[in-house]
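K.L.:
I am attaching a structure below and will ask some questions about it afterwards.
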Amino acid sequence: MTTSKPKDLDKIAREAQRAILDAASLDALEEARRAYLGRRGLVAQLFDQVPSLPAAQRPQAGRQLNELRDRLERAVTRRREELQAAAPGTGLAAEAIDVTLPGRRISLGRQHILTRTLEEIERIFFGMGFEIVDGTEVETDEFNFERLNMGRDHPARDTQDSFYLADDLLLRTHTTVVDAHVMVGRTPPMRVLSTGRCYRRDAPDATHMPVFHQADGFMVGERITMADLKGVLAAFVRRMFGSEAVYRFVPSYFPFTEPSAELAIWFNGRWLELAGSGMFHPRVLEMAGIDPARYTAFAFGLGVDRPAMVRYGIPDIRLFWDNDLRLLEQF
Amino acid sequence: MKVLLSWLKEYVDIGHGIDELGERLPMLGIGVDSIERVRDDAAFDLEVAANRGDLMCHLGVARELAAATRIAARPPAGNPRTDSTTASDFVRVEVREPALCPRFTAALIVDVKVGPSPEWMARRLEACGVRSINNVVDVTNYVMLELGQPMHAFDYDLVQDGRLVVRLAAPGERLTTLDGVDRSLDPQTLVVADAGRAAGIAGIIGGANTEIRASTRRVLLEAASWHPPLIRRTGKRLGVRTESGARFERGIDTGAVLSASLRAQQLIQEVAGGRVLSGTLDVYPSPQPKHQVQMAWPSVARLLGTAVAQADGVAILRSLGCEVQEGHANLVVTVPSFRRDVERVEDLVEDVARHYGYERIPEHMPVEETALASRAPVLEAERIVRGVLIRAGLTEALTVSLTTPAVLDGLRLPADHPWRSMVPLRNPLIKDHTHLRTTLLPGLLQVARVNVSRRVTDAQIFELGRTFHPSGTSVAERRRLALLMTGRVLRGAWNVPPEVAVASYFHLKGAVESLLHELRVGGAVFAAAPVPWLHPARGATMSLDGRTVGTLGELHPEVAAAYDLPSSVHVAELDLEVLLPRANFLPQFVPLPRFPAVRRDLAAIIADDVPAAEVERLIAEAGGSLLASVELFDVYTGPPVPAGHHNLAYALSFRSSERTLSAEEVDAAVRRITETLTRRLRAKIRR
C-alpha cells in the first residue's frame, strides 16, 4: 500500500475530469463513470486505503476524497445532460419549440383619446392644488346663463345656441356652469376644476359636433389677479405642450368675465384658441354670494376636442365619435 | 365685418404695414379672421365681440388704433348745406313705441338724381362685401360702414301722406321686403309704416313698396336707434340676418344718430345732388345722460396684478373718448355714448389693460391659502372602473348622448319598457338627434357596426357615460356602463381552441366579474332571464341585494341582424348608480394563511337544468367554515354521463386559520357536501 499524496489526488482528479468530458457518447460516459466512481472504481479504492493511514491524516484524507467524489459526480451529470440534449430524438431536444412563432397576445384595452386628454388636464391642475369636481349635464337656464351674467336677450347667447328640454332646462353649453354651482355656499379661497361633456346646437361637420368637451377652472381669493391667471395657464401650457410652447393672451369678451382674455398657442403656423378666460365679473360673484369688494377670482374654460385634434393631427372631429378601433389603437 | 386699410387712414394715421396691423388688432381684442390684399390696400375681416357695437364701423376701429398711440381719431364731417324750406312742412313722424325706439330722425332731400355711385364709393362698398345699388342707397350703407349707424332711404313720393309711424304690426299685416320675400307680420314685430301700411321692418330690412328707384326725386332719410333685444328677437324669428340688424342688436350710439344723419345728407348732396331741407326731424323724448364711473386707481392693480401708471391709464381712457376728471388716485370717468358696454370700473380696467398690453401683465403663481388637491369620489370611481376594463382588454368608446327613439326598436324593446320613456329636445337640429339617450347599448352597437363594416371584426369595447330619464318636471342623470365583445380576444391564437380565443358569454361575464372583484363587491347574483335584446337562452341579469344592476348575454340574432353584426356579439349594461355605492375602495389587510390548505377534488353528475351557481351555493353551505374556496375546473358532457346531465368537477380547498387540518376533519366536510348534493340535487358523486 502506498500513501497517496495530495499531489496524486490532483492528478487523479484531472485525469477523471478529462475522461468524463471526453466521453463522446452516453456509453463512453458510463464507462468512465464506472472506472472512477463505480463500486470497484478508483475513488472507492482510495477510500479503502483511508483506514490504513496514520490516525492524524485520516479525517483530512476522507474529506478530500468526499470532495473529489462530489466533483466528479457533478461533472458526470452535466456531461450526461449535454450528451442527452445533443442526441437527436431523445431527451430535451425533443422539446424544441419554434421560437419564431407568433406570441399569444391578449388584446390590450385602451382609453379613448378624449377622456385621456381630460385626465391629463385634470392631473396638471390637480398638481397645482385644484379640487376636481363633478357636475350635471342637464342644467337650468338660470345657472347656465343668468348666473353667468347672460340675461335672456344677451347677444352672447347666439354663439351658445342651446338644446332646451323645458322652459328652464337645457343641456349645459359650457362647464363654466359648474363654477356657478360650486361657489354657492362656500367661503373662499377655492381653486376648482371640472371637466365633461357640453352641448351646443351645431350641426356635425369636420370641426363641429353638438357634443364636445371642456375643462373649466376658477380660483377665488383675496389677492387673485390677471397675473395669477396668466401664471396658472402658462404653467398648464408648458406642462401640456412642452416648455418651448409659444402662447399668447389677447383681450376677448365673455359676459361672465371682465377683463377677459383668450389664450392661444402657436401651432403649425397659426394661433390655435385654447381657452377663454378672465377675471370673474363682479355680478357673477355677487350672484354666487361672494363679496366682490373683498374677493377677486379668475376663471378659464379650456377647449378639449379641437386642441386634441390639432395635437394629434386628427383632421375631422367626427373621427373621435366614430370609434374606429384602428384609430383608437393608434393612441 | 370688413374694414379697409385706406378707409381707416382717413380717421387715424397708421404707421404699420398690413401684416403688422393684422398682428396688432388681436392684441387690442379685435379678432382678424382673414386679410385680403387689393392692390396697395387691404380688407381686414374682423371678428367683433358681441358687446362692442361701436367697433362695427371704420371710425370705431380707427379709435382703437388711435388710442394705441394715445391719440384720438378724427371723425368725418357732417355739414349738409340746407335749404330754407323746412322738412317738418312735408314730413310727420310718430313713435308709438318709444321704449322700443328711443330715437328716430327723418330728413328730406329733394331734387335728387338717382344714378350709379361714384366709383370710389362703389369700390369701397364692394370691398367691404356690400353690393352697390344706386347713389342714394349706397350713401346709407357707406355711412353705416363709416360710423356704424344703419339707415334707410324711402322714396318720399311713395310714402302716404309723408308720414312715418313706428308701431307694432297689425295681425295679418303683410310686407314684401327688399329681399323680395312676401312676409306675414305678427304683432311682436315693430314696423316703420306710412299713413296706411308697413313700409319696413324696424332696424332689419326695408319694404319694396317705398324703395328708392331710378325715378325717385325726393328722398326721405330715416336714421334711428332701436331696442337691441327687439332687433335680436325679430331677426331670429324672421330668420333674417342683415348688416343693419347685426349693428342694432349690439346697440348703436343713440347719442350720435342725428350727426350720422347729417353726414349722410351731406354725402347724398355730394353724390346725387339735391337740396336738403332744413330741420331734420328728431324724436328723442328721453335723451340718455352720459354714464359716469368712479374709478379708484388701485383697482387696476387689484385686478391686473401689475401697476399701470395712472398718467398712462388716463391717456388711454381719454384717447378712447372718455372724459376723465382726475383726483388723487380717484378718477371720475365720463363714458362716451358709443361705449354702451362700459358700465362699471372693471370695464374700464379692461380698456386700460388692452391698451397697456396684456403681454405686459406678468405671469405669477397665486399666493393664497391652499387646500389639499382632491378629486370627487365619483370621478375617482369612474377612473377605477375605466382602468379595470382597460386592463381586462376592452377599449373605451365615446358615443353621442343625443339619439332618437327609433334606435330602441332595433333592441326589440316592448312598448312599455322604461327606456322608452325618453327626454325629448325642444329644438332638435337633426333628425337623428331628437332625444337624450336612456341606454348606452345602441351607441356601442353602432360602433360595432361601423367597425365590422370596415372588416374590423375583433371588437371588445366599453362606454362609461350618462343616460337621461324623465323625473317629475326634471331630468335624472344616471352613470351607466356598457360592454360589447365580439371576435377574437387573443391574437396569435394558433392551435388555441375557439372557446378560449374568441369572445363568448363567459369572456363577457369574466370582464364583469373582474370589475366586481376590483370594486370588492361581493354577492352578485347572475340569473338566466329573458331580456328583449338578448338571445332568449343566453341572457342573464345581474343583481346585488335583490336590486338589478344590469344585464349581460349574447345579442339576440334579430338585433344582431338589425345592426349588420355577426351572430356572436355579447353585450352587458350595468347601472353604476347601483354598483358604485357598494364598492369598497379601502381594502383592509387579511392575515395571510399560516397553515396549509388541504385540497380535495369532487366530481358530481348533475342534471343540466340545475344552475352551476346553485351547486356552488350548496357546496359552500354544506362545506362550512373550513371550506376556503370552491373552483370549478371541468364541465363534461357525454358518455358515460347520462343524457341530460353533465359532470361538474370542483377543486375544494379546506383550511383553518388556527391549525393544520386532520384528514378526518376534511373527510367529514367532504362527506357533508356529497350528502347534500346527493340529497338536494340527486347528484351522483364520482369516485
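K.L.:
Taking the condition surrounded by 13 or more Cβ atoms within 10 Å (Cβ to Cβ), modelled with pLDDT under 95 and of a type in the set (Asp, Glu), does B:Glu658 pass?
P.N.:
Taking the combined requirement at face value, the residue does not satisfy it.
K.L.:
Still on this structure, please answer the following. Name the strands (runs of 3 or more DSSP E) wholly inside segment B:71-142 in which the number of residues that are among the polar types (S, T, N, Q) and over 40 Å from the mean Cα position of the chain (by Cα) is 1 or more.
P.N.:
B:82-86, B:103-110
K.L.:
Does segment B:403-422 include one or more residues that are crowded, with 18+ Cβ neighbours inside 10 Å and at the interface with chain A (Cβ under 7 Å from one of its Cβ atoms)?
P.N.:
Checking segment B:403-422: not a single residue is crowded, with 18+ Cβ neighbours inside 10 Å and at the interface with chain A (Cβ under 7 Å from one of its Cβ atoms).
K.L.:
Follow-up question, since we're still on this one. Provide a single number: the residues in segment B:297-343 that are of a type outside the set (A, V, I, L, M), out of contact with any helix residue (DSSP H, G or I) (no Cβ under 7 Å at 6 or more places or on another chain), within 14 Å of chain A (Cβ to nearest Cβ) and surrounded by 13 or more Cβ atoms within 10 Å (Cβ to Cβ).
P.N.:
Total satisfying the criteria: 2.
K.L.:
Which count do you get for residues in segment B:230-286 that are free of Cβ contacts under 8 Å to residues at least 60 places away in the same chain and more than 34 Å from the chain's Cα centre (by Cα)?
P.N.:
Summing the residues that are free of Cβ contacts under 8 Å to residues at least 60 places away in the same chain and more than 34 Å from the chain's Cα centre (by Cα) in segment B:230-286 gives 1.
K.L.:
Here is a follow-up. Are there helices (runs of 4 or more DSSP H) fully within segment A:223-318 with at least 1 residues that are crowded, with 23+ Cβ neighbours inside 10 Å? List them.
P.N.:
Per the criteria, A:226-241, A:282-287.
K.L.:
From B:Thr234, B:Thr254, B:Thr216, grab the single residue that is more than 20 Å from B:Leu59 (Cβ to Cβ), modelled with pLDDT of 95 or more and β-branched (Val, Ile, Thr). Steps first, answer last, please.
P.N.:
Working: B:Thr234 fails: modelled with pLDDT of 95 or more; B:Thr254 fails: more than 20 Å from B:Leu59 (Cβ to Cβ).
Going through B:Thr234, B:Thr254, B:Thr216 in turn, just one is more than 20 Å from B:Leu59 (Cβ to Cβ), modelled with pLDDT of 95 or more and β-branched (Val, Ile, Thr): B:Thr216.
K.L.:
A further question follows. Please verify whether B:Pro591 is surrounded by fewer than 21 Cβ atoms within 10 Å (Cβ to Cβ) and at pLDDT 95 or above, treating the condition exactly as stated.
P.N.:
no
K.L.:
Quick check on this structure: which one of B:Val670, B:Val635 is of a type in the set (A, V, I, L, M), surrounded by 11 or more Cβ atoms within 10 Å (Cβ to Cβ) and assigned by TED's automatic domain parsing to the domain that holds B:Val610? Show your work before the answer.
P.N.:
Values: B:Val635 fails: surrounded by 11 or more Cβ atoms within 10 Å (Cβ to Cβ).
From the options B:Val670, B:Val635, the qualifying one is B:Val670.
K.L.:
Answer yes or no: is there a residue in segment B:312-322 that is over 21 Å from B:Ala50 (Cβ atoms) and not in a helix (DSSP H, G or I).
P.N.:
yes
K.L.:
Now for a separate question. Could you identify the single residue in A:Ala75, A:Ala55, A:Ala28 that is in the same structural domain as A:Ile12 (by TED's automatic domain parsing), among the small types (Gly, Ala, Ser) and under 17 Å from A:Leu9 (Cα atoms)? Explain how you work it out, then say what you get.
P.N.:
On the way: A:Ala55 fails: under 17 Å from A:Leu9 (Cα atoms); A:Ala28 fails: under 17 Å from A:Leu9 (Cα atoms).
Going through A:Ala75, A:Ala55, A:Ala28 in turn, just one is in the same structural domain as A:Ile12 (by TED's automatic domain parsing), among the small types (Gly, Ala, Ser) and under 17 Å from A:Leu9 (Cα atoms): A:Ala75.
Matching residues to (1) more than 41 Å from the chain's Cα centre (by Cα); (2) in the same structural domain as B:Gln265 (by TED's automatic domain parsing); (3) of a type in the set (A, V, I, L, M, F, W, C):
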site	(1), (2), (3)
B:Leu303	no, no, yes
B:Thr306	no, no, no
B:Ala311	yes, no, yes
B:Val314	no, no, yes
B:Arg318	no, no, no
B:Cys322	no, no, yes
B:Gln325	yes, no, no
B:Val332	no, no, yes
B:Val335	no, no, yes
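K.L.:
Can you tell me which residues in segment B:371-390 are in contact (Cβ under 8 Å) with a residue 40 or more places away in the chain and either at the interface with chain A (Cβ under 7 Å from one of its Cβ atoms) or in contact with a strand residue (DSSP E or B) (Cβ under 7 Å, 6 or more places away or on another chain) (or both)?
P.N.:
Hits for segment B:371-390 are B:Val378, B:Glu382, B:Val385, B:Arg386, B:Leu389.
K.L.:
Output the number of residues of segment A:43-102 satisfying the condition of being closer than 28 Å to A:Glu31 by Cα and assigned to a loop (DSSP other than H, G, I, E, B).
P.N.:
Adding up the residues that qualify gives 4.
K.L.:
Continuing with this model, one more query. State the number of residues belonging to segment B:235-249 that are under 16 Å from B:Ser184 (Cβ atoms) and either small (Gly, Ala, Ser) or in contact with a strand residue (DSSP E or B) (Cβ under 9 Å, 6 or more places away or on another chain) (or both).
P.N.:
Number satisfying all stated conditions: 3.
K.L.:
A further question on this structure: Tell me the residue from B:Leu436, B:Leu444 that is modelled with pLDDT of 95 or more, crowded, with 22+ Cβ neighbours inside 10 Å, within 10 Å of chain A (Cβ to nearest Cβ) and more than 16 Å from B:Glu396 (Cβ to Cβ), please. Show your work before the answer.
P.N.:
On the way: B:Leu444 fails: more than 16 Å from B:Glu396 (Cβ to Cβ).
After ruling out the rest, the residue left standing is B:Leu436.
K.L.:
Considering only segment A:266-307, how many residues are closer than 22 Å to B:Glu350 by Cα, in contact with a Pro (Cβ under 8 Å, 6 or more places away or on another chain) and away from chain B (no Cβ under 12 Å)?
P.N.:
2
K.L.:
Continuing with this model, one more query. Which of the residues spanning segment B:351-370 are facing chain A (nearest Cβ under 7 Å) and free of Cβ contacts under 8 Å to residues at least 40 places away in the same chain?
P.N.:
B:Glu363, B:Met365, B:Pro366, B:Val367, B:Glu368, B:Glu369, B:Thr370
K.L.:
Output the residue which, of all residues in segment B:46-70 that are of a type in the set (D, E, K, R) and assigned to a helix (DSSP H, G or I), is farthest from B:Leu320 (Cα to Cα).
P.N.:
B:Asp54
K.L.:
In segment B:511-526, is there at least one residue being in the same structural domain as B:Leu413 (by TED's automatic domain parsing), assigned to a strand (DSSP E or B) and farther than 30 Å from B:Pro587 by Cβ?
P.N.:
Taking segment B:511-526 as the starting set, the residues that turn out to be in the same structural domain as B:Leu413 (by TED's automatic domain parsing) are B:511-526.
If we keep only those that are assigned to a strand (DSSP E or B) as well, we get B:525-526.
Pick out the ones that are also farther than 30 Å from B:Pro587 by Cβ and you get none.
No, because not a single residue in segment B:511-526 is in the same structural domain as B:Leu413 (by TED's automatic domain parsing), assigned to a strand (DSSP E or B) and farther than 30 Å from B:Pro587 by Cβ.
K.L.:
I would also like to ask the following. How many of the residues in segment B:447-460 are in contact (Cβ under 8 Å) with a residue 24 or more places away in the chain and either buried (at least 21 other Cβ atoms within 10 Å of the Cβ) or part of a loop (DSSP other than H, G, I, E, B) (or both)? Steps first, please.
P.N.:
Our first condition is that a residue be in contact (Cβ under 8 Å) with a residue 24 or more places away in the chain; within segment B:447-460, this holds for B:447-449, B:452-453, B:457-460.
Add one more test, that the residue is either buried (at least 21 other Cβ atoms within 10 Å of the Cβ) or part of a loop (DSSP other than H, G, I, E, B) (or both), and what stays is B:447-448, B:457-460.
The number of residues fulfilling the criteria is 6.
K.L.:
Among the listed residues B:Ala62, B:Ala73, which satisfies the condition of being of a type in the set (Gly, Ala, Ser), away from every other protein chain (no Cβ under 14 Å), free of Cβ contacts under 8 Å to residues at least 60 places away in the same chain and surrounded by 21 or more Cβ atoms within 10 Å (Cβ to Cβ)?
P.N.:
B:Ala62
K.L.:
Could you check segment B:6-35 and list, in sequence order, the residues that are touching a strand residue (DSSP E or B) at 6+ places or on another chain (Cβ under 8 Å), in contact (Cβ under 8 Å) with a residue 24 or more places away in the chain and more than 14 Å from B:Glu64 (Cβ to Cβ)?
P.N.:
B:Ser6, B:Ile18, listed by residue number.
K.L.:
Just checking, how many residues over segment B:475-503 are part of a loop (DSSP other than H, G, I, E, B) and surrounded by 19 or more Cβ atoms within 10 Å (Cβ to Cβ)?
P.N.:
Matching residues across segment B:475-503 total 3.
K.L.:
Can you tell me which residue in segment B:11-58 is farthest from A:Gly278 (Cα to Cα), limited to those that are within 14 Å of chain A (Cβ to nearest Cβ) and β-branched (Val, Ile, Thr)?
P.N.:
Among residues in segment B:11-58 that are within 14 Å of chain A (Cβ to nearest Cβ) and β-branched (Val, Ile, Thr), the one farthest from A:Gly278 (Cα to Cα) is B:Ile35.
K.L.:
Keeping to segment A:100-123, report how many residues are more than 10 Å from chain B (Cβ to nearest Cβ), surrounded by fewer than 19 Cβ atoms within 10 Å (Cβ to Cβ) and in contact with a helix residue (DSSP H, G or I) (Cβ under 8 Å, 6 or more places away or on another chain).
P.N.:
1
The values are calculated or read from the model by the stated rules, or taken from the named source; none is laboratory data. Just so we're clear, the structure is a prediction, and the values are computed from it rather than from any experiment. Glycine gets a Cβ as well: all are built from the backbone with ideal geometry, and neighbour counts include every protein chain shown.
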